[in-house]
Structure formats: C-alpha cells, structure tokens
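These notes are about the structure you will find just below.
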Amino acid sequence: MDKKELVQKFFKGRAVTRPPFLPLVGTYLTKVDQVSIPSILQDANTFYSALVNTQKLLGYDALILPADCSLEAEAFGGTVEWKDQEMPSVIKVPISQELLVGDFLERGRIPVVKEVVERLVKVQGKDLPIIATITGPVTILKTLYGSEINSDLALKKKRAEEIIQAMIGLCKAFGDAKVDGILINEDLLDPALWEECKDVYKPLFNVIKYYNIFGILRLSSSVDAFESSSYLPDVVLGSRKFIAITPSVKTKGIALPTSIWEENLELTQFVSLWKENKKRRMFLSSSQPLDLELNLNNLQEKIAMICNEENWL
C-alpha cells in the first residue's frame, strides 16, 4: 500500500496496516535546498521545491504545508518580521485596528500558497496525499492582537466573524484545488477560549465536508482537557493525554513529544493503542514543527521506524 492509498483509506475509515505519520513541518524546509525561510515562503518555486525535497528526504506520509501563523495575519494587514532561519512573526496591533478583509485571497502570500498547492496536487498528487495547512481563528486573533483580544468582547466577536468568513474562502480555494485534506492549526487556543469560541469551527468543517476531504483540528500539546468536548470535530490532533480522555473524538491524532527525536523510540505503547483503538482510528504527528536543529540521521531513523508496517503487526 503506497502513501497516497494509506492516508486516503485511513481517513475514509477503511482498514490500513499502520497509522499514517503526518508531522508538522517547520524550519527543516531550509535543510535540503539550503535556502532561507523568507526565500521559501515568498517564492512559489522555492516553496514547492522545499516541500517536495523535505518529504523525499524524511519519508513521512504526505506533502504538508508548514504551520505558518503569520500567513493569514499578514493578509489581514499585519506586519511580518522576517528572520533568516526562523518562521516569521507578526507585530501586535490594537484590536481596534480593522482587518483588511477585501480580496483576502489575493493579499500577502496567500496567492503564493495557492499556487504551490495547485502545483503539488497536479504534479505530486497521484503518488502522495496533499494536506493544506491553515491557521485557526483563535490563533489568528492572538497573533494579531495578543492579550488585547479580551479587552473588548464585542470587537473580538466581530473580528472572529470576519476571520471565519475569510477562512471559509481559503478552505474553498483549497477544496477547489483538490487537496486530500486540510489541517486547521489552532496552536494558541486554550481551554478558556474554547468555551467561548467552540462554535466557530462548524462552518469551516462544513466546507471541508462539502468537498469530501478530511479536516484535522490541531490543538497545542499544552492543552490537556476541555470542559466541554461536544463541539469538537471528528478528527483532532493533540497530546496523548487529551486524546485519551476525549472519547467524542472518532479519529485520534497523537502528537509525539519532541524528545522522541533524540531518545530511543519505544513504539510498544503506541502499537498497543493502535491495536486497542476501535477500527484503528489513530494517526501520529509531531507536537512541534520539525525544525532545523534536529539531527538528520535521528529524524530519518525514527520516521523509518514509525512508517515500517512490520512494527505495527
């Protein structure tokens, strides 16, 4: 079973031989082609090459767009601070500052990402699943406004509604491009904000379901529990502890701790989970984006172990 078939069958609820490994991608994108993060994220050709070559080098199960919380914030009018070998950050602004919502899909680097996704689907999509990554609405709010999002509840609600509408458009663009899945990266969501904002995800996942592709809500590994989990989608990526105590999640994504790259990897505990989990509805990812500081030999060795079907028998 090739990687495309493995991932597609898994998210359709069919039997597969092992859990897919779908890690977050970060600054390791600079490794193969020896180019800077600004060069990658601002040029479609460099971006495409970095994604393809990194997947070939490491051997994980899909071509996944990087977790870039500055992408949508920039398109909404935020100012990006660039660093050579780090993911970009965004300068915080007052929540009273209006979002630039007109022509959102043509602003900032959104057109670059759309071009890359379209090319990935066309050239690589027969052999590998393509997963687009978008930033969650709460993370966008925090990226742009920081702690000020709690200073004016009416403005926060207005900004959230504007963000959702723009993100619906981005989901549609990726759906039209025929990606296999969309990962919503909600890195800055905390339990208190979940109770306040939990209903904002339904329209995003409704769009994703309309295109008959899978959607993943990714939560920070620092989140251990939500008071209410009734609004969670069917597919959630989070810490092992969060996943273990949240039975409402049908397809469980377990974020492996960063320590696995430097220490001996013991798969026994995960193999047991895989065999115990009803219909084996479990996939694996990383708790943090793969970054340049990680040792290449360690990465290749551990990923090869995770993706070896014999280890999951």
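Couple of notes before you dig in:
- Contact map, segment 145-161: residues that are at positive phi paired with residues that are modelled with pLDDT of 85 or more and surrounded by 15 or more Cβ atoms within 10 Å (Cβ to Cβ), Cβ distance under 7 Å, separation 6+ or inter-chain. Pairs shown: 146/92.
- Segment 12-25, residues that are touching a Ser or Thr at 6+ places or on another chain (Cβ under 9 Å) and modelled with pLDDT under 95: 13, 25
- Considered as a group, the residues in segment 92-114 that are modelled with pLDDT of 95 or more and surrounded by fewer than 16 Cβ atoms within 10 Å (Cβ to Cβ) include one that is farthest from residue 176 (Cα to Cα), and that residue is 106.
- Test result for residue 160, within 30 Å of residue 11 (Cβ to Cβ), surrounded by fewer than 23 Cβ atoms within 10 Å (Cβ to Cβ) and in contact with a Cys (Cβ under 8 Å, 6 or more places away or on another chain): yes
- Tally, over segment 80-102, of residues that are touching an Asp or Glu at 6+ places or on another chain (Cβ under 7 Å) and in contact (Cβ under 8 Å) with a residue 60 or more places away in the chain: 4
- Tally, over segment 190-204, of residues that are out of contact with any Pro (no Cβ under 9 Å at 6 or more places or on another chain) and in contact (Cβ under 8 Å) with a residue 24 or more places away in the chain: 8
- Here the condition is being over 18 Å from the mean Cα position of the chain (by Cα) and not small (Gly, Ala, Ser); of 66, 94, it holds for 94 alone.
- Conditions (1) farther than 30 Å from residue 308 by Cβ; (2) assigned to a loop (DSSP other than H, G, I, E, B); (3) in contact with a Pro (Cβ under 8 Å, 6 or more places away or on another chain); (4) not aromatic (Phe, Trp, Tyr); number of the one not met by residue 66: (1)
- One residue stands out among those in segment 229-269 that are of a type in the set (Asp, Glu) and more than 17 Å from residue 288 (Cβ to Cβ): the one that is surrounded by the fewest Cβ atoms within 10 Å (Cβ to Cβ), which is 266.
- Single condition residue 212 does not satisfy, out of (1) under 30 Å from residue 300 (Cβ atoms); (2) free of Cβ contacts under 8 Å to residues at least 12 places away in the same chain: (1)
- Subset of segment 225-251 (residues that are more than 13 Å from residue 282 (Cα to Cα) and of a type outside the set (S, T, N, Q)): 225, 226, 227, 231, 232, 233, 241, 242, 245
- Under the condition of being part of a helix (DSSP H, G or I), small (Gly, Ala, Ser) and modelled with pLDDT of 95 or more, the residues counted in segment 171-205 number 2.
- Residue selected from segment 31-60 under the condition surrounded by fewer than 19 Cβ atoms within 10 Å (Cβ to Cβ), closer than 20 Å to residue 296 by Cβ and out of contact with any helix residue (DSSP H, G or I) (no Cβ under 7 Å at 6 or more places or on another chain), by the criterion modelled with the lowest pLDDT: 34
- Qualifying residue in segment 46-67 (condition: farther than 26 Å from residue 270 by Cβ, free of Cβ contacts under 8 Å to residues at least 24 places away in the same chain and small (Gly, Ala, Ser)): yes
- Segment 115-157, residues that are of a type in the set (Ser, Thr, Tyr), surrounded by fewer than 16 Cβ atoms within 10 Å (Cβ to Cβ) and either in a helix (DSSP H, G or I) or touching an Asp or Glu at 6+ places or on another chain (Cβ under 6 Å) (or both): 147
- Test for residue 217: is it closer than 17 Å to residue 26 by Cβ and touching a residue at least 12 places away in the same chain (Cβ under 8 Å): no
- Among the residues making up segment 220-238, those that are touching a residue at least 40 places away in the same chain (Cβ under 8 Å) and under 13 Å from residue 189 (Cβ atoms) are 221, 237.
The values are calculated or read from the model by the stated rules, or taken from the named source; none is laboratory data. Just so you know, these numbers come straight off a predicted model, no measurement behind them. FYI the Cβ positions are ideal-geometry reconstructions off the backbone, even for glycines, and counts take in every protein chain you see.
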